[in-house]
Amino acid sequence: MKRHVRKWSRRKETLFIGLCIVSLAVPLCLLFAMLIDVALDGISRIDWQFLTSYPSRRASSAGILPGLVGSAFLIVLTAVISLPMGVGAAIYLEEYGERGRLANLIEVNIANLAGVPSVIYGLLGLEIFVRFAGLDRSLLAGALTLSLLVLPVVIMATREALRVVPKTLREAALALGATRWQMVWRVVLPMAVPGIMTGAILSISRALGETAPLVVIGALTYVSFLPQDPMSAFTALPIQIFNWVSRPQAAFLENAAAAILVLLVVLLLANVVAIVIRNRYQKRIG
Amino acid sequence: MLKNPENSPRFVVTQLNAWFSAHHVLRSVDMLIRDREVTAIIGPSGCGKSTFIRCLNRMHELVPGAKVAGSIQLDGEDIYQSDVDPVLLRRHVGMVFQKPNPFPTMTIRENVLSGLRLTGRLDRSTANSVVESALRRAALWDEVKDTLDKPGGSLSGGQQQRLCIARTLAVDPSVILMDEPCSALDPVATARIEDLLHTLKASYSIVIVTHSMQQASRVSDRTGFFLSGELIEFGDTDRIFTAPTDRRTEDYITGKFG
Ligand SMILES: Nc1ncnc2c1ncn2[C@@H]1O[C@H](COP(=O)(O)OP(=O)(O)OP(=O)(O)O)[C@@H](O)[C@H]1O
Ligand SMILES: [Mg+2]
């Protein structure tokens with residue numbers, strides 16, 4: 001009897017592990033199929049000319065330079081805007097804010113904001129930055145809109161990173177006669193950097209792939225110049241891809257596939273940078 | 001060991017009460033802590049030992065809802081007066097914690113200097129001599145003088161605790177509070193810390209919380225016994241351990257409870 005039970009429970013375990021493997025394998029296979037499909041379509045189009053040319057009516061001579069440069073500007077501006085704001089907000093909430101009903105309310109709201117569809121942020125950006133603040137369809141308006149989008153995630157990641165710094169280290173700093181500010185700045189933040197950087201880079205690189213908010217605020221789709229300053233009109237890689245995909249000609253679809261590959265490589269690089277930073281700091285913390 | 005009755009008082013604690021929100025954890029405590037002496041605080045778990053010494057450097061009030069009433073004078077000045085900055089007070093009253101807690105992002109040298117650096121008082125020209133003298137006083141210099149740039153976390157537990165003591169000494173306090181500094185250490189490391197206490201007490205006033213009767217009798221000059229937030233008995237260590245006047249002290253010391 002006992003042996004029978006044990007056999008059955010072992011069988012259940014095998015079954016469960018099998019299910020887990022299947023549910024891991026299905027998305028992985030789909031992802032690979034997609035990547036291979038895109039790679040097959042696009043890889044032959046990627047060359048120096050493709051990376052350094054402006055868009056064109058002829059698919060074969062069209063390139064992604066404005067999109068690439070626009071995306072680069074966007075990501076740098078977004079990081080410059082959202083990182084200090086997000087980290088500052090998180091420090092205030094976590095280290096200075098009173099625990100209470102209001103704090104809980106704010107916490108829930110930030111978590112909810114992280115789940116709001118990006119189109120909504122686009123509409124908000126259109127109303128506030130493009131129209132009300134009069135920034136027009138500029139890089140700055142785009143970066144501000146994307147900053148709104150990533151801020152909740154940056155705040156949450158930073159709070160999480162601050163929260164895991166042990167209380168004993170905070171007390172050690174205070175017992176040495178540090179002020180709260182000195183404790184946060186010299187002890188807590190350095191320990192939280194890996195967590196903050198990982199969260200920030202992941203969320204900002206996700207914003208790099210966002211199309212909807214940029215479409216809404218009116219990023220251009222056909223650009224034959226490079227942005228000169230934050231007030232320039234601009235395009236971005238996802239917009240360029242979106243534009244090419246909607247063309248009927250097969251040649252433009254190839255272009256789109258190639259641009260998707262470039263975007264994926266950029267995203268991958270961003271993630272690698274995040275991992276390297278995290279590992280380097282973690283080694284120091286040991 | 002002969003006690004020197006002339007040792008001047010440092011802390012004069014009168015009618016000290018402390019709370020965590022509504023939980024009354026210290027009740028009317030009076031105590032006199034003298035210079036160049038080791039004062040041991042003993043008592044069963046939860047009786048308020050940590051709370052008591054955390055009142056001495058105003059760390060208690062960092063806990064949300066914590067309250068203090070009564071008075072604590074340090075060298076004649078009430079440390080709970082509104083014009084006393086707890087941050088400055090803590091530079092005079094250093095603290096060593098139960099678990100060694102060197103800063104993991106810092107090297108051994110940086111850990112020793114951390115108090116000065118944190119508070120923006122580091123003078124680069126004297127940094128090396130501060131490091132050496134603090135580590136010497138903490139009896140750690142010979143073991144780490146060639147590895148000052150290794151992370152503080154790479155040391156053994158006992159070495160880490162002495163590093164924490166060095167870090168505290170580098171700020172140049174005049175009182176050192178220790179909350180069960182040896183409870184995470186093995187007997188050899190414990191003996192080293194106890195030796196260290198003997199030398200340190202020549203220049204500091206030391207308050208140590210301990211769960212070990214042997215340790216209290218070995219290292220301290222005076223002993224206070226706490227029970228449920230009250231200071232039951234306080235006096236010369238020799239007398240407390242040989243002829244306690246209170247029945248409860250005797251029961252605790254002889255291991256009848258706690
Ligand atoms: N942060 C806190 N919040 C609320 N109550 C606390 C807190 N810390 C301690 N207490 C309570 O205060 C009382 C005294 O605690 P304290 O830490 O001073 O005891 P202790 O004598 O140091 O004990 P131990 O020997 O276990 O360290 C205990 O009843 C404890 O439950
Ligand atoms: Mg304690």
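The values are calculated or read from the model by the stated rules, or taken from the named source; none is laboratory data. It should be emphasised that the depicted structure is a prediction, and the values quoted were computed from it without experimental measurement. Every residue, glycine among them, receives a Cβ derived from its backbone with ideal geometry; neighbour counts consider all protein chains shown. Keep in mind that these areas ignore ligands, DNA and RNA; they rest on the heavy atoms of the full protein, side chains included. Shrake-Rupley method; radii C 1.70, N 1.55, O 1.52, S 1.80 Å.
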Take B:Pro104 and tell me if it is away from ligand 2 (no atom under 16 Å from the Cβ) and surrounded by 17 or more Cβ atoms within 10 Å (Cβ to Cβ). yes
- request: Examine segment B:75-97 for a residue that is away from chain A (no Cβ under 14 Å), open to solvent by less than 20 Å² (accessible area, probe 1.4 Å) and part of a helix (DSSP H, G or I), and state whether such a residue exists.
  value: no
Every listed condition ((1) more than 30 Å from A:Met183 (Cβ to Cβ); (2) open to solvent by less than 70 Å² (accessible area, probe 1.4 Å)) holds for A:Ile43 save (2)
Across (1) away from chain A (no Cβ under 14 Å); (2) on the phi < 0 side of the Ramachandran plot; (3) open to solvent by 30 Å² or more (accessible area, probe 1.4 Å), B:Leu140 clears everything bar (3)
- Task: Return a yes/no flag: does segment A:132-154 have any residue that is closer than 30 Å to B:Asn101 by Cβ and at pLDDT 90 or above.
- Result: yes
From the option list B:Val209, B:Val188, single residue qualifying as more than 13 Å from every other protein chain (Cβ to nearest Cβ) and within 16 Å of ligand 2 (Cβ to nearest atom) is B:Val209
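Residue-by-condition table, conditions (1) within 20 Å of A:Ser82 (Cβ to Cβ); (2) among the β-branched types (Val, Ile, Thr); (3) open to solvent by less than 50 Å² (accessible area, probe 1.4 Å):
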residue: A:Glu127; (1), (2), (3): yes, no, no
residue: A:Ser138; (1), (2), (3): yes, no, yes
residue: A:Leu144; (1), (2), (3): yes, no, yes
residue: A:Thr158; (1), (2), (3): yes, yes, yes
residue: A:Ala173; (1), (2), (3): no, no, yes
Within segment B:32-57, of all residues that are open to solvent by 20 Å² or more (accessible area, probe 1.4 Å) and away from ligand 1 (no atom under 14 Å from the Cβ), the one nearest to B:Asp78 (Cα to Cα) is B:Leu32
The one condition B:Gly48 fails out of (1) touching a Leu at 6+ places or on another chain (Cβ under 8 Å); (2) free of Cβ contacts under 8 Å to residues at least 60 places away in the same chain is (2)
Residue pairs qualifying under the 8 Å Cβ cut-off, at least six apart or on distinct chains, with the first in segment B:231-250 being in contact (Cβ under 8 Å) with a residue 24 or more places away in the chain and the second being open to solvent by 80 Å² or more (accessible area, probe 1.4 Å) and of a type outside the set (Lys, Arg), are B:Asp238/B:Met1
The residue that is most open to solvent (accessible area, probe 1.4 Å), considering only those in segment B:146-161 that are under 26 Å from the mean Cα position of the chain (by Cα) and more than 10 Å from every other protein chain (Cβ to nearest Cβ), is B:Ser156
Next item on the list: With respect to A:Val266, determine if the residue is under 16 Å from A:Gly70 (Cα atoms), touching a Leu at 6+ places or on another chain (Cβ under 9 Å) and open to solvent by 40 Å² or more (accessible area, probe 1.4 Å).
Entry: yes
B:Ile79 fails exactly one of (1) more than 24 Å from B:Pro181 (Cβ to Cβ); (2) away from ligand 2 (no atom under 16 Å from the Cβ), namely (1)
For strands (runs of 3 or more DSSP E) lying entirely in segment B:2-46, having 1 or more residues that are at pLDDT 95 or above and aromatic (Phe, Trp, Tyr) picks out B:9-20
Per the filter on segment B:202-216, residues surrounded by fewer than 18 Cβ atoms within 10 Å (Cβ to Cβ) and more than 16 Å from ligand 1 (Cβ to nearest atom) are B:Ala202, B:Ser203, B:Gln214
Review point. Does segment A:151-160 include one or more residues that are within 9 Å of chain B (Cβ to nearest Cβ) and part of a helix (DSSP H, G or I)?
Key: no
ask   = Can you find a residue in segment A:57-65 that is in the same structural domain as A:Ala207 (by TED's automatic domain parsing), part of a helix (DSSP H, G or I), touching a residue at least 24 places away in the same chain (Cβ under 8 Å) and under 26 Å from the mean Cα position of the chain (by Cα)?
value = yes
Among A:Ser205, A:Ser232, the single one that is surrounded by fewer than 22 Cβ atoms within 10 Å (Cβ to Cβ) and over 21 Å from the mean Cα position of the chain (by Cα) is A:Ser232
The helices (runs of 4 or more DSSP H) lying wholly within segment B:114-233 that contain at least 2 residues that are among the charged types (D, E, K, R) are B:124-137, B:141-144, B:157-170, B:187-200
- Query: Looking at B:Pro181, is it in contact with a His (Cβ under 9 Å, 6 or more places away or on another chain) and of a type outside the set (Ser, Thr, Tyr)?
  - Reply: no
With the first residue restricted to segment A:161-186 and required to be facing another protein chain (nearest Cβ under 7 Å), and the second required to be of a type in the set (Ser, Thr, Tyr), Cβ contacts under 6 Å at 6 or more apart or on different chains are A:Gly177/B:Thr119; A:Ala178/B:Thr119
Quick count over segment A:116-125, residues being open to solvent by 60 Å² or more (accessible area, probe 1.4 Å) and either modelled with pLDDT of 95 or more or out of contact with any Leu (no Cβ under 7 Å at 6 or more places or on another chain) (or both), is 4
Discussion item. Against the definition (charged (D, E, K, R), surrounded by fewer than 21 Cβ atoms within 10 Å (Cβ to Cβ) and within 16 Å of ligand 1 (Cβ to nearest atom)), how does B:Glu180 come out, yes or no?
Written reply: yes
If we keep only residues of segment B:56-69 that are touching a residue at least 40 places away in the same chain (Cβ under 8 Å) and within 16 Å of ligand 2 (Cβ to nearest atom), then the residue nearest to the other protein chains (Cβ to nearest Cβ) is B:Asn57
Taking segment B:11-24 and keeping residues among the hydrophobic types (A, V, I, L, M, F, W, C), within 16 Å of ligand 2 (Cβ to nearest atom) and open to solvent by 20 Å² or more (accessible area, probe 1.4 Å) leaves B:Phe20
